[in-house]
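**Q** What follows is a single structure, and I will ask about it in a moment.
All of the numbers you see were taken from the coordinates with simple rules; none came from a lab. These numbers come from a predicted model, not from an experiment. Cβ placement follows ideal geometry from the backbone for every residue including glycine, while neighbour counts extend to all protein chains displayed.
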Amino acid sequence: MALCCCLAAIPLGNGNPPATSDGLYHLLRSAELANQLRAGVAYPRWAPDFYLGYGYPIFLFTPLLPYYLVVAVHALGLPLLSAMNVVEAAALVASGLFAYVWLRRYVGPAAAMVG
């Protein structure tokens, strides 16, 4: 199961943002959160650099944990885009492992592997 998720994470290793409709938005939100943390705002609600400098309350409407994880990996020395790809790949692998563990409780190990 985790092997299938690892195969799904291979495109994240090419150094490009994910080819999704909102991949660049997540990268921009991660960059904005990193800027806010550097400015001393631990739990930002307002993104002052969005919408041509007018700002937007994006952090009131989106969960911050994925962006905190990206910023934490970025703080270890990776570029922001690579940090986002690492967090997304880790989330893919973790989703496969947790799906197996959850399914194993209800249908057994062999069927959980298929699931």
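**Q** Kindly point out which whole DSSP H helices in the chain project their C-alpha atoms 18 angstrom or further along the helix axis while averaging a Kyte-Doolittle hydropathy of -1.0 or above.
**A** Values: long enough: 23-38 (23 Å, -0.16); 80-107 (40 Å, 1.21).
Helices meeting the criterion: 23-38, 80-107.
**Q** With contacts defined as alpha carbon pairs under 8 Å and 6 or more residues apart, what's the relative contact order of segment 1-93 in percent?
**A** 38
**Q** For the chain, what is the calculated [θ] at 222 nm in deg cm²/dmol (nearest 500), taking -39500 (n - 2.57) for each run of four or more DSSP H residues and dividing by its residue count?
**A** Calculated mean residue ellipticity at 222 nm is -19500 deg cm²/dmol.
**Q** Based on the alpha-carbon set only, what is the convex hull volume of the chain divided per residue, in Å³?
**A** Value for the chain: 130 Å³ per residue.
**Q** Within 10 Å, count the other beta carbons around each residue, average over each peptide in 50-57, 23-30, and list them highest first.
**A** Highest-to-lowest ranking by the protection proxy: 23-30, 50-57.
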